[in-house]
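The values are calculated or read from the model by the stated rules, or taken from the named source; none is laboratory data. None of these values were measured; they are calculated from a predicted model. Methodologically, a virtual Cβ is constructed for each residue, glycine included, from the backbone with ideal geometry; neighbour enumeration extends over all protein chains shown.
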Amino acid sequence: AHPPGPEGPREGGVPGDMPELFSWEFATDPYPAYAWLREHAPVRWTRLPSGVGAWLVTRYADAREALADPRLSKNPVHHADEAGARGKTGIPGERSADLMTHLLNIDPPDHTRLRRLVSKAFTPRRVAQFAPRVGELTDRFIDGFAERGEADLIHEFAFPLPIYAICDLLGVPAEDQDDFRDWAGMMIRHGGGPRGGVARSVKKMRAYLVELIHRKRGDLGDDLISGLIRASDHGEHLTENEAAAMAFILLFAGFETTVNLIGNGMHTLLRHPAQRAELQQALTRGDEALLESAVEELLRFDGPVELATWRYATEALAIGGQSVAAGEPVLVVLAAADRDPDRFGAPDTVDLARRDNQHLGYGHGIHYCLGAPLARLEARTALAALLTRLPDLRLAAEPDELRWRGGLIMRGLRTLPVAFTPEPAAAS
Ligand code: HEM
């Protein structure tokens, strides 16, 4: 049934009907299609909506191995399909060579050097010290709608929290942070598409960061950008351009992911009332252990990063017995791997207390999420505050009315309308 041609045999030869990928239904609930792929075609050549072909890897064991395979490069120069590789910075609308060299686009030894330098500045300790500020921001955004009895948790909460948090952490002055919110809003609304607005926002953000780094160099503080400028390893420092690319990737990698972790996580909790009630009771008792495992489980069950970022075979190799030619792109489907019944018991069930939860939501190997401690802090703070301050929070839409963004890499809701008993107005 398949036309002859290089792709024909690879796309054919599987039993049953291949479910349609990238449709509206798929954006709403991709998990049945991923279950089918895991079962029938675990390493599958697929044409993406952009027309570029790539191998989709859906089984946990294959995914974990691929993420750590040094023969799979992150550098788009290894993509054999020139049209597919052209201008691929991984950042929508951005084609500037200066931003090409960020952590998610490079391999060792450059990656090793840059990651070591950034790790000296972006430490777990810095994140831990930031906890009170995340608490303040969380309360401020909830204050914004608590007396109203209804809200859109994406626009009024999940969206502003990470952008203001990362701006604070980086050391973007308060008076400039609203600009970042606007630029980030443009990116999340139109992300992925070659729209002029996104390119303009990225350009403005980058120009601002270059300027800020330049200014801070003469007046170092204790913010993360100053830390990036100060960081040195065996006498090596980040150049100004490298520091700007690093600040940018921190913003970029840490923004929409966190929006969606909070959004998808609350959505899951709202649709699993018994599990959510248990979490609420634990929080009321002051027991934080369940909150910790809950955030990991929400990430496994419906995480923000549906597919890991691009990888390219630098030589002929095999993944799960399927041969992959040099130059072909490989996309590891984290959302599929994290529901693999060969790795997780009852994978389609939410179990907030799940043990042995080695999910791939933050990736694996040398590109493992640098921001995981910050993401965990924000998600725990956000979910705990919503559940304790607004205990009868409920979905204010039918589940099938909710719209998902349907991007390739990220999975997240456009809106999450909720209702709740209003908090009494603060006495003035
Ligand atoms: C890498 C997920 C939040 C910064 C990654 C990767 C994943 C991921 C899957 C690996 C991608 C790959 O191998 O292709 C997430 C999730 C988050 C989150 C689910 C949830 C909220 C953050 C935050 C920051 C951040 C808050 C920073 C402020 C980074 C950076 C990398 C990365 C810099 C690249 C690391 C490298 O290549 O060495 N993240 N991330 N992420 N993440 Fe996160």
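Numbers for the structure displayed
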read-out: Near pairs, Cβ below 8 angstrom, 6+ apart or cross-chain, from segment 15-36 (more than 18 Å from Glu401 (Cβ to Cβ)) to any residue that is basic (Lys, Arg) and assigned to a loop (DSSP other than H, G, I, E, B); value: Pro30/Arg411; Tyr31/Arg339; Tyr34/Arg339; Ala35/Arg339
read-out: Glu315 being closer than 24 Å to Met246 by Cα and of a type in the set (Asp, Glu); value: no
read-out: Residue match in segment 237-246 (condition: small (Gly, Ala, Ser), within 16 Å of the ligand (Cβ to nearest atom), more than 28 Å from Ala54 (Cα to Cα) and in contact (Cβ under 8 Å) with a residue 12 or more places away in the chain); value: yes
read-out: Unique match (being within 18 Å of Gly149 (Cα to Cα) and modelled with pLDDT of 95 or more) among Leu370, Leu360, Leu383, Leu374; value: Leu383
read-out: Test: residue in segment 254-265 that is charged (D, E, K, R) and within 21 Å of the chain's Cα centre (by Cα); value: yes
read-out: Residue under evaluation Val330, criteria (1) within 16 Å of the ligand (Cβ to nearest atom); (2) in contact with a Lys or Arg (Cβ under 7 Å, 6 or more places away or on another chain); (3) outside any strand (DSSP E or B), criterion not met; value: (3)
read-out: Segment 288-325, subset within 15 Å of the ligand (Cβ to nearest atom) and among the acidic types (Asp, Glu), residue surrounded by the most Cβ atoms within 10 Å (Cβ to Cβ); value: Asp302
read-out: Matching entry among Ala382, Ala372, Ala337 (being within 14 Å of the ligand (Cβ to nearest atom), crowded, with 20+ Cβ neighbours inside 10 Å and closer than 27 Å to Pro160 by Cβ); value: Ala382
read-out: Contacts under 6 angstrom Cβ, first residue in segment 247-258 being under 18 Å from Ser119 (Cβ atoms), partner within 8 Å of the ligand (Cβ to nearest atom) and not in a helix (DSSP H, G or I), 6 or more apart; value: Ile249/His102; Gly254/Gly371
read-out: Enumeration of residues in segment 303-348 that are touching a residue at least 40 places away in the same chain (Cβ under 8 Å) and among the small types (Gly, Ala, Ser); value: Gly303, Ala308, Ala313, Gly320, Gly321, Ala325, Ala326, Gly327, Ala335, Ala336, Ala337
read-out: Total residues in segment 352-411, condition part of a loop (DSSP other than H, G, I, E, B) and either under 30 Å from Phe22 (Cβ atoms) or without any contact (Cβ under 8 Å) to a residue 24 or more places away in the chain (or both); value: 25
read-out: Tally of residues being in a helix (DSSP H, G or I) and either of a type in the set (S, T, N, Q) or modelled with pLDDT under 90 (or both) across segment 218-229; value: 1
read-out: Residues located in segment 332-347, provided they are farther than 10 Å from Asp302 by Cα and charged (D, E, K, R); value: Asp340, Asp342, Arg343
read-out: Members of segment 413-428 that are at pLDDT below 95 and small (Gly, Ala, Ser); value: Ala425, Ala426, Ala427, Ser428
read-out: Per-region count, segment 134-167, residues free of Cβ contacts under 8 Å to residues at least 40 places away in the same chain, touching a Phe, Trp or Tyr at 6+ places or on another chain (Cβ under 8 Å) and charged (D, E, K, R); value: 1
